[in-house]
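Scroll down for the structure; my scribbles are underneath it.
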Amino acid sequence: MSTSYTYAACLENAYKVNWRIEDVLGGKAFDLEKRWLPMSLSGASRIGCLSDEEKRKLTQVEMAAYAHLFGYVEEFIAPKISSLAQDHEVEGRDAFDALTNFAAEEVKHMTLFRQIRKRVDATLGFDTRLLGGQAETARFVLGKSTGAVLLLTAVIEWFTQRHFQEAFREDDALDGFTKDIFRAHWQEEAQHARMDHLETLRAFEGMAEAERERSIDELIELVGAVDGLLQKQAGYDVENLRRVLDRGLSPAEVREVHDGILAAKRWTFIESGTTHPNFVELFLEVTTPEQQARVGEALASVLGAVGQPA
Ligand SMILES: [Fe+2]
Ligand SMILES: [Fe+2]
């Protein structure tokens, strides 16, 4: 439980699981005959008009976007954590060391995901279309209050845990290289989630009411911005899929594929985090019932009736 999290234990665990990029990528390759994403994180589980082979291809282009989106959000997570580490310098040695290492791990992850993008494109045989504008997005997010940025980051850190534990780990039909990548990421993210929890409690401790309200308003704004990015990437995923299919898609099929991909992304990148029990625990601790209702309404209007896939 959260109360037992400490910076010192996080750093100790971080050193235990620490890996090099070479350990993850060395001598390995993606297998085009396998699925690259678990069905529960893919639009494939929500689309009826594609054959099994076409669904497998869909998971391959979706994984390109999935890996890219982690690197994309790490562009703001790394500098935010690095600046929070400074609050602890000299006196808060454990926190300073653990948070500095956290930021350095995110820098490593960004490098990893850039290399994965190249490998994916080389394997698929074309340059997949993926979201750009990382720097603008990072600047936009970093302009928001610390409470909002940390809560958004907590959503992200906790869903990396859920995805591996509930989807990747048990999926025996999944491409082995993909599973290795997200196992490695999950191992280091486990400490990030706990430190994000500690930093969020610290940020909200003694925060004036007006500042709390601002954090919640900006969190809602950030969730809306994330959804805008997911909508854009869902369109790109359809384009990428059309490059790898052996047939054209009718306008009705394009719509069905697009909607299935977007619903899967909303589950994957928003709802699987906002409903994670550890995120819920943190969120309830730092907000009032009125603020919880406000965020709940905003989420419902973004997510509609997405839900967890069957
Ligand atoms: Fe990461
Ligand atoms: Fe992280």
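The values are calculated or read from the model by the stated rules, or taken from the named source; none is laboratory data. Predicted model only: the values in this text are computed from it and were never measured. All Cβ positions, even for glycine, are placed from backbone atoms using ideal geometry, and neighbour counts span all protein chains on display. With ligands, DNA and RNA removed, areas are computed over all heavy atoms of the protein, side chains included. Shrake-Rupley method; radii C 1.70, N 1.55, O 1.52, S 1.80 Å.
Considering each residue of the stretch 209-228 in turn, at least one proves to be assigned to a helix (DSSP H, G or I), open to solvent by less than 40 Å² (accessible area, probe 1.4 Å) and within 16 Å of ligand 2 (Cβ to nearest atom).
Looking for something over 18 Å from HIS68 (Cβ atoms) and more than 16 Å from ligand 2 (Cβ to nearest atom) - is there at least one such residue anywhere in the stretch 127-138? No; the residues of the stretch 127-138 include none that is over 18 Å from HIS68 (Cβ atoms) and more than 16 Å from ligand 2 (Cβ to nearest atom).
Here's the yes/no breakdown for (1) more than 19 Å from VAL17 (Cβ to Cβ); (2) open to solvent by less than 10 Å² (accessible area, probe 1.4 Å); (3) away from ligand 2 (no atom under 16 Å from the Cβ):
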| site | (1), (2), (3) |
| --- | --- |
| GLU166 | yes, no, yes |
| ASP175 | yes, yes, yes |
| ARG183 | no, no, no |
| GLN187 | no, no, no |
| GLN191 | no, no, no |
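Take the conditions (1) in contact (Cβ under 8 Å) with a residue 24 or more places away in the chain; (2) surrounded by 16 or more Cβ atoms within 10 Å (Cβ to Cβ); (3) assigned to a helix (DSSP H, G or I); ASP171 misses just one of them, which is (3). When GLU136 is evaluated against the numbered criteria (1) touching a helix residue (DSSP H, G or I) at 6+ places or on another chain (Cβ under 9 Å); (2) in a helix (DSSP H, G or I); (3) surrounded by fewer than 21 Cβ atoms within 10 Å (Cβ to Cβ), which criterion, by number, is the only one it fails? Only one criterion is unmet by GLU136, namely (1). Filtering PHE102, PHE70, PHE96, PHE113 for residues that are modelled with pLDDT of 95 or more and open to solvent by 40 Å² or more (accessible area, probe 1.4 Å) leaves a single hit, PHE96. Of the residues making up the stretch 252-279, those that are open to solvent by 50 Å² or more (accessible area, probe 1.4 Å) and either assigned to a helix (DSSP H, G or I) or in contact with a Cys (Cβ under 7 Å, 6 or more places away or on another chain) (or both) are ALA252, ARG255, GLU256, HIS258, ASP259, PRO277. Among all positions in the stretch 76-87, there is at least one residue which is in contact with a Ser or Thr (Cβ under 6 Å, 6 or more places away or on another chain) and either under 26 Å from ARG35 (Cβ atoms) or touching a residue at least 40 places away in the same chain (Cβ under 8 Å) (or both).
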